[in-house]
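Participant: What follows is a single structure, and I will ask about it in a moment.
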Amino acid sequence: MTAPGLRGTTTVSDRAVRRIAERAAAEAVPGPGTGTTKGAAGVHGRRAEVSVDVTLPYPAPLPEAVRRVQRHVITRTGRLTGLDVTSARVDVTALVPAPAAAQSAPPDDSRADGGPDGHPRTPGHRRTPRRWWSQRRVPTLLLVLAATVACGALAADLILVHLADRPPAAWRTGTLDWLTRHGPGDPAVTACAAAVAVLGLLMVALALAPGHRGLLTVTAPVPHLRAALDRAAVAALVRDAVAAGRGIGPVRVRARRRRVTVRAGLAIGDHAVAVEEVRHAARRALEDCGLRRAPRLRVRVRPEAAWDPDPGRATAAESGHVESGHALRPHPAEAPDAVLKEARD
């Protein structure tokens, strides 16, 4: 039996787990411009939960790429830390163009779906949600700080009064005197009560609303995978697809939660044909994103100031031929003197 003095406990901090998860995500996403932007981790006894924000190469199947990153992060983090990584959340924050060589699958571990003990595991037990819930860290932190400051100041004043025989603080006695002179019908008290009620309603709304309005969930090929795509990335993909069309000028795309608006300028070509091509390219780009809820598409194509509806006619005019094959003769008013003299002779 081991002596009590030689016994100990190995504790892995949240920071160490976060750094290892970020490194594992960077290993799973090779290539220039890709990798991990930031991460977070929480250790609860022998279990750990991690989340990482990654930049993936484009074009590439997003659900498969996120699944590969998630699997590698769970396996690698669990093996290096000895903890049971129950879930790994992967947020795709950006997409960067990558050469074909950089889009190959990275090397994966032999125990792809397993943890530190090698047993298979799935990262979650829920289907892909329509919205991604936010942890509300900033509002929670502000609320905790405000409560800590208020309760700490009150507790410190009470301790000094009862243990050190010091007089109460001026702010506490002044607050009590002000409250004794102002009743519930006072305008100042009513305004403070209304502010507190609005603050409470705001906190209830934050607790019930999903949050993360800038993320659109992606349909995963497996039921236990959760992935999301930033709305700015969706707008960039649609803009690139529409701008590649023939005769299309500047393109502006605005992606919302339920609607994507495309505004494009038309330089040359038929307007009706251009509208159909723009709509088809935008719809195909949205389908390639694999969004769980397909947004409504709104397309506007406006001709530019120098719009040419029939570029073929301009090309024929520049070449000096008409459809019948006869040469175009200059107008007598614009013909040179030699031509006019020959015509008179």
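Participant: Restricting attention to region 236-267, which residues are in a helix (DSSP H, G or I), crowded, with 19+ Cβ neighbours inside 10 Å and aliphatic (A, V, I, L, M)?
Facilitator: Initial filter on region 236-267 (in a helix (DSSP H, G or I)): 236-243.
Right, trim to crowded, with 19+ Cβ neighbours inside 10 Å and you get 237-239, 241-242.
Correct list: Leu237, Val238, Ala241, Val242.
Participant: Might you let me know whether region 212-222 holds any residue that is exposed (fewer than 14 other Cβ atoms within 10 Å of the Cβ), in contact (Cβ under 8 Å) with a residue 60 or more places away in the chain and assigned to a loop (DSSP other than H, G, I, E, B)?
Facilitator: Yes: one or more hits.
Participant: Inspect region 148-162 for any residue being surrounded by 10 or more Cβ atoms within 10 Å (Cβ to Cβ), among the small types (Gly, Ala, Ser), in a helix (DSSP H, G or I) and under 38 Å from the mean Cα position of the chain (by Cα) and give the result as yes or no.
Facilitator: Narrowing region 148-162 to residues surrounded by 10 or more Cβ atoms within 10 Å (Cβ to Cβ): 148-161.
Applying the additional criterion that residues be among the small types (Gly, Ala, Ser) yields 150, 152-153, 155-156.
Retained after the next criterion (residues that are in a helix (DSSP H, G or I)): 150, 152-153, 155-156.
If we keep only those that are under 38 Å from the mean Cα position of the chain (by Cα) as well, we get 150.
The answer is yes; a qualifying residue exists.
Participant: A further question on this structure: Return yes or no: is Val149 farther than 30 Å from Leu216 by Cα, touching a Gly at 6+ places or on another chain (Cβ under 9 Å) and without any contact (Cβ under 8 Å) to a residue 60 or more places away in the chain?
Facilitator: Details: farther than 30 Å from Leu216 by Cα: yes; touching a Gly at 6+ places or on another chain (Cβ under 9 Å): no; without any contact (Cβ under 8 Å) to a residue 60 or more places away in the chain: yes.
In short, no.
FYI, it's all coordinate maths here, none of it is from the lab. All of these numbers come straight from a predicted model, not from anything done at the bench. Every residue, glycine among them, receives a Cβ derived from its backbone with ideal geometry; neighbour counts consider all protein chains shown.
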